[in-house]
Amino acid sequence: AQSVSQHNHHVILSEAASLELGCNYSYGGTVNLFWYVQYPGQHLQLLLKYFSGDPLVKGIKGFEAEFIKSKFSFNLRKPSVQWSDTAEYFCAVNAIWGGATNKLIFGTGTLLAVQP
Amino acid sequence: DVKVTQSSRYLVKRTGEKVFLECVQDMDHENMFWYRQDPGLGLRLIYFSYDVKMKEKGDIPEGYSVSREKKERFSLILESASTNQTSMYLCASSTGRTGYGYTFGSGTRLTVV
(Lines give C-alpha, C1' and ligand atoms only; values in the text may rest on other atoms or scores of the structure.)
Protein backbone atom coordinates (compact mmCIF):
# COMPACT_ATOMS: atom_id res chain seq x y z
CA ALA A 1 0.00 0.00 0.00
CA GLN A 2 1.10 3.53 -0.63
CA SER A 3 2.18 5.65 2.29
CA VAL A 4 3.55 9.11 2.87
CA SER A 5 5.95 10.04 5.65
CA GLN A 6 6.52 13.50 6.98
CA HIS A 7 9.39 13.40 9.40
CA ASN A 8 8.92 16.76 11.08
CA HIS A 9 5.78 16.94 13.18
CA HIS A 10 6.44 20.35 14.71
CA VAL A 11 8.81 22.99 13.42
CA ILE A 12 9.45 26.34 15.08
CA LEU A 13 11.36 28.99 13.17
CA SER A 14 12.09 32.67 13.48
CA GLU A 15 11.08 35.02 10.68
CA ALA A 16 13.56 35.10 7.79
CA ALA A 17 14.86 31.62 8.59
CA SER A 18 14.95 29.06 5.81
CA LEU A 19 12.49 26.19 5.77
CA GLU A 20 12.74 22.63 4.58
CA LEU A 21 10.03 20.08 5.33
CA GLY A 22 10.69 16.48 4.49
CA CYS A 23 8.32 14.16 2.63
CA ASN A 24 8.95 10.60 1.52
CA TYR A 25 6.54 8.25 -0.16
CA SER A 26 6.47 4.54 -0.77
CA TYR A 27 5.42 3.59 -4.27
CA GLY A 28 7.68 2.46 -7.06
CA GLY A 29 5.61 3.55 -10.00
CA THR A 30 4.53 6.85 -11.45
CA VAL A 31 3.27 9.37 -8.95
CA ASN A 32 1.84 12.82 -8.79
CA LEU A 33 2.97 14.78 -5.76
CA PHE A 34 1.41 17.64 -3.88
CA TRP A 35 1.89 19.95 -0.95
CA TYR A 36 -1.19 21.38 0.73
CA VAL A 37 -1.37 24.04 3.43
CA GLN A 38 -3.98 24.63 6.08
CA TYR A 39 -3.88 28.03 7.75
CA PRO A 40 -5.50 28.29 11.18
CA GLY A 41 -9.27 28.03 10.83
CA GLN A 42 -9.17 27.68 7.07
CA HIS A 43 -9.65 24.85 4.62
CA LEU A 44 -6.87 22.99 2.84
CA GLN A 45 -5.30 24.78 -0.10
CA LEU A 46 -2.92 23.57 -2.78
CA LEU A 47 0.59 25.01 -2.48
CA LEU A 48 2.21 23.25 -5.40
CA LYS A 49 2.17 20.06 -7.43
CA TYR A 50 4.46 17.87 -9.47
CA PHE A 51 3.22 15.78 -12.39
CA SER A 52 6.22 15.50 -14.71
CA GLY A 53 9.07 17.49 -16.21
CA ASP A 54 11.33 19.78 -14.20
CA PRO A 55 11.68 18.17 -10.76
CA LEU A 56 11.97 21.58 -9.12
CA VAL A 57 8.50 23.04 -8.92
CA LYS A 58 7.47 26.44 -7.71
CA GLY A 59 4.25 27.19 -5.94
CA ILE A 60 2.45 30.05 -4.38
CA LYS A 61 3.86 32.39 -1.73
CA GLY A 62 7.49 31.64 -2.56
CA PHE A 63 7.38 27.93 -1.82
CA GLU A 64 9.15 25.37 -3.94
CA ALA A 65 9.66 21.62 -3.81
CA GLU A 66 12.10 19.22 -5.38
CA PHE A 67 11.17 15.75 -6.57
CA ILE A 68 14.06 13.30 -6.19
CA LYS A 69 12.88 10.04 -7.68
CA SER A 70 15.83 7.99 -6.45
CA LYS A 71 15.07 9.03 -2.88
CA PHE A 72 11.27 8.86 -3.19
CA SER A 73 11.26 12.37 -1.76
CA PHE A 74 9.42 15.62 -2.37
CA ASN A 75 10.73 18.12 0.15
CA LEU A 76 9.19 21.55 0.56
CA ARG A 77 11.41 24.61 0.85
CA LYS A 78 11.19 28.33 1.35
CA PRO A 79 14.26 30.55 1.60
CA SER A 80 12.82 33.02 4.10
CA VAL A 81 9.67 32.34 6.12
CA GLN A 82 7.21 34.92 7.38
CA TRP A 83 4.93 34.94 10.38
CA SER A 84 2.01 34.44 7.97
CA ASP A 85 3.44 31.05 6.97
CA THR A 86 2.36 29.65 10.32
CA ALA A 87 0.16 26.73 9.29
CA GLU A 88 -0.01 22.98 8.95
CA TYR A 89 1.58 21.52 5.84
CA PHE A 90 0.60 18.22 4.26
CA CYS A 91 2.40 16.23 1.64
CA ALA A 92 0.19 14.05 -0.57
CA VAL A 93 0.71 11.41 -3.23
CA ASN A 94 -1.47 10.11 -6.00
CA ALA A 95 -0.17 6.86 -7.41
CA ILE A 96 -0.90 6.37 -11.09
CA TRP A 97 -1.83 2.90 -12.16
CA GLY A 98 -4.36 1.33 -14.43
CA GLY A 99 -7.43 1.79 -12.30
CA ALA A 100 -9.79 4.71 -12.49
CA THR A 101 -8.71 6.23 -9.25
CA ASN A 102 -7.29 9.56 -8.30
CA LYS A 103 -7.36 9.35 -4.56
CA LEU A 104 -4.78 11.29 -2.62
CA ILE A 105 -2.87 9.73 0.24
CA PHE A 106 -1.76 12.31 2.78
CA GLY A 107 1.08 12.44 5.23
CA THR A 108 0.57 13.14 8.91
CA GLY A 109 1.28 16.83 8.53
CA THR A 110 3.86 19.26 9.86
CA LEU A 111 2.85 22.11 12.13
CA LEU A 112 4.99 25.15 11.38
CA ALA A 113 5.11 28.01 13.86
CA VAL A 114 6.99 31.12 12.78
CA GLN A 115 7.95 33.47 15.57
CA PRO A 116 8.10 37.18 14.77
CA ASP B 1 -16.41 30.79 -6.97
CA VAL B 2 -16.47 27.01 -6.90
CA LYS B 3 -17.42 25.44 -3.66
CA VAL B 4 -17.62 22.34 -1.60
CA THR B 5 -20.15 22.93 1.13
CA GLN B 6 -20.45 20.85 4.26
CA SER B 7 -23.78 21.26 5.94
CA SER B 8 -22.56 21.69 9.50
CA ARG B 9 -19.45 23.30 10.92
CA TYR B 10 -19.88 21.83 14.40
CA LEU B 11 -21.93 18.85 15.55
CA VAL B 12 -22.36 17.23 18.94
CA LYS B 13 -23.96 13.81 19.01
CA ARG B 14 -24.52 11.11 21.59
CA THR B 15 -22.97 7.68 21.53
CA GLY B 16 -25.10 5.26 19.53
CA GLU B 17 -26.82 7.92 17.44
CA LYS B 18 -26.97 7.65 13.67
CA VAL B 19 -25.17 10.65 12.22
CA PHE B 20 -25.37 12.10 8.72
CA LEU B 21 -22.70 14.43 7.37
CA GLU B 22 -23.65 16.09 4.13
CA CYS B 23 -21.42 17.46 1.40
CA VAL B 24 -22.48 19.29 -1.75
CA GLN B 25 -20.29 20.52 -4.60
CA ASP B 26 -21.28 22.83 -7.42
CA MET B 27 -18.48 22.04 -9.87
CA ASP B 28 -20.00 19.01 -11.61
CA HIS B 29 -17.08 16.94 -10.33
CA GLU B 30 -17.38 13.21 -10.73
CA ASN B 31 -15.09 12.32 -7.80
CA MET B 32 -15.93 12.96 -4.16
CA PHE B 33 -14.08 12.00 -1.01
CA TRP B 34 -14.50 11.85 2.74
CA TYR B 35 -11.46 12.20 4.98
CA ARG B 36 -11.09 12.50 8.70
CA GLN B 37 -8.37 14.70 10.14
CA ASP B 38 -6.86 13.98 13.54
CA PRO B 39 -3.84 15.61 15.20
CA GLY B 40 -0.68 13.68 14.45
CA LEU B 41 -2.46 11.38 12.01
CA GLY B 42 -3.04 13.74 9.11
CA LEU B 43 -5.89 13.08 6.71
CA ARG B 44 -7.12 9.55 6.38
CA LEU B 45 -9.42 8.49 3.57
CA ILE B 46 -12.71 6.97 4.70
CA TYR B 47 -14.65 6.50 1.45
CA PHE B 48 -14.67 7.90 -2.04
CA SER B 49 -16.90 7.84 -5.05
CA TYR B 50 -16.22 8.11 -8.78
CA ASP B 51 -19.76 8.45 -9.92
CA VAL B 52 -23.33 8.45 -8.81
CA LYS B 53 -24.24 5.33 -6.84
CA MET B 54 -20.60 4.18 -6.86
CA LYS B 55 -18.44 3.99 -3.77
CA GLU B 56 -15.07 2.64 -2.78
CA LYS B 57 -13.63 1.99 0.65
CA GLY B 58 -10.69 4.06 1.70
CA ASP B 59 -8.18 3.25 4.40
CA ILE B 60 -10.49 3.46 7.43
CA PRO B 61 -14.07 2.59 6.38
CA GLU B 62 -15.04 0.70 9.54
CA GLY B 63 -18.01 2.24 11.29
CA TYR B 64 -18.92 4.41 8.32
CA SER B 65 -21.01 4.17 5.19
CA VAL B 66 -21.70 6.58 2.36
CA SER B 67 -24.40 7.48 -0.08
CA ARG B 68 -24.22 9.17 -3.45
CA GLU B 69 -27.64 9.38 -5.04
CA LYS B 70 -26.90 12.57 -6.96
CA LYS B 71 -23.67 13.73 -8.56
CA GLU B 72 -23.37 16.83 -6.44
CA ARG B 73 -24.05 15.25 -3.05
CA PHE B 74 -21.98 12.79 -1.05
CA SER B 75 -23.15 11.81 2.42
CA LEU B 76 -21.14 10.18 5.16
CA ILE B 77 -23.11 8.08 7.63
CA LEU B 78 -22.02 6.98 11.06
CA GLU B 79 -24.35 4.09 11.74
CA SER B 80 -23.83 4.13 15.51
CA ALA B 81 -21.60 6.95 16.63
CA SER B 82 -18.83 6.19 19.06
CA THR B 83 -16.48 8.46 20.98
CA ASN B 84 -13.52 7.38 18.84
CA GLN B 85 -15.27 8.94 15.88
CA THR B 86 -14.86 12.38 17.39
CA SER B 87 -12.87 14.14 14.72
CA MET B 88 -12.77 16.75 11.97
CA TYR B 89 -14.38 15.43 8.81
CA LEU B 90 -13.36 16.87 5.46
CA CYS B 91 -15.16 16.45 2.18
CA ALA B 92 -13.41 17.02 -1.14
CA SER B 93 -14.25 16.78 -4.80
CA SER B 94 -12.20 16.57 -7.96
CA THR B 95 -12.36 15.76 -11.62
CA GLY B 96 -10.21 13.50 -13.74
CA ARG B 97 -7.76 10.82 -12.72
CA THR B 98 -4.64 12.68 -11.76
CA GLY B 99 -5.31 13.68 -8.18
CA TYR B 100 -5.16 17.29 -9.23
CA GLY B 101 -7.76 19.85 -8.54
CA TYR B 102 -9.05 18.70 -5.21
CA THR B 103 -11.34 21.26 -3.64
CA PHE B 104 -11.94 20.84 0.06
CA GLY B 105 -14.85 21.86 2.19
CA SER B 106 -14.36 23.75 5.43
CA GLY B 107 -14.88 20.65 7.51
CA THR B 108 -17.32 19.41 10.13
CA ARG B 109 -16.03 19.06 13.65
CA LEU B 110 -17.96 16.19 15.17
CA THR B 111 -17.91 15.51 18.88
CA VAL B 112 -19.47 12.28 20.13
CA VAL B 113 -20.27 12.32 23.82
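Observations on the model:
- Label sites at residue A:18 and residue B:109, each approximated as a point 7 angstrom past Cα along Cα to Cβ, lie 3.7 nm apart.
- Entries of A:58/A:103; A:69/A:103; A:58/B:55; A:61/B:57; A:78/B:55; A:71/B:55 with Cα pairs more than 30 Å apart: A:58/B:55; A:61/B:57; A:78/B:55; A:71/B:55
- Using the 1.4 Å probe convention, the accessible area of the range A:3-115 works out to 45 Å² per residue with neighbouring protein chains retained.
- Evaluated at q = 0.16, 0.22, 0.24 Å⁻¹: base-10 log I(q)/I(0), Debye formula over Cα of the range B:4-112: -0.64, -1.22, -1.44
- Only Lys, Arg (+1) and Asp, Glu (-1) charged, at Cβ; the range B:24-113 dipole about Cα centre in debye: 20
- With both residues required to sit in chain A, DSSP beta bridges show an antiparallel share near 85%.
- Within the range B:24-64: backbone nitrogen closer than 18 Å to the residue B:83 label point (7 Å, Cα to C-beta): B:39
- Largest-first principal axis extents, alpha carbons of the protein assembly as shown, Å: 48, 42, 34
- Atom-type composition of the exposed protein surface of the range A:3-115 places 55 percent of the accessible area on carbon and sulfur (1.4 angstrom probe).
- Rough spin-label spacing in nm, given labels placed 7 Å along Cα→Cβ, for residue A:54 and residue B:69: 5.0
- Calculated from backbone phi, Karplus (6.51, -1.76, 1.60) coupling profile of the range A:33-39 in Hz, x at Gly/Pro: 10, 9, 10, 10, 10, 10, 6
- Chain A shape via C-alpha gyration tensor axes, a/c threshold 1.5: prolate
- Sulfur and carbon atoms: percent of accessible area, the range B:4-112 [1.4 Å]: 49
- Eligible aspartates and glutamates near residue B:18 by straight Cα distance, threshold 20 Å, same-chain separation 8 or greater: B:62, B:69, B:79
- The range A:38-116 versus the range B:39-88: alpha-carbon centroid distance in Å: 24
- Accessible surface buried at the A:B interface totals approximately 1900 Å², computed with a 1.4 Å probe on protein heavy atoms.
- For the range A:1-102, applying the loop criterion from DSSP together with a ceiling of 14 other beta carbons within 10 Å to the GluC sites (Glu not before Pro) yields A:15.
- The DSSP beta bridges internal to the protein assembly as shown are antiparallel in roughly 90% of cases.
The values are calculated or read from the model by the stated rules, or taken from the named source; none is laboratory data. Keep in mind it's a predicted model, so treat the numbers as computed, not measured. Virtual Cβ from ideal backbone geometry, glycine too; neighbours counted across all protein chains shown. These area figures cover heavy atoms from the full protein model, side chains too; ligands, DNA and RNA do not enter into them. Shrake-Rupley method; radii C 1.70, N 1.55, O 1.52, S 1.80 Å.
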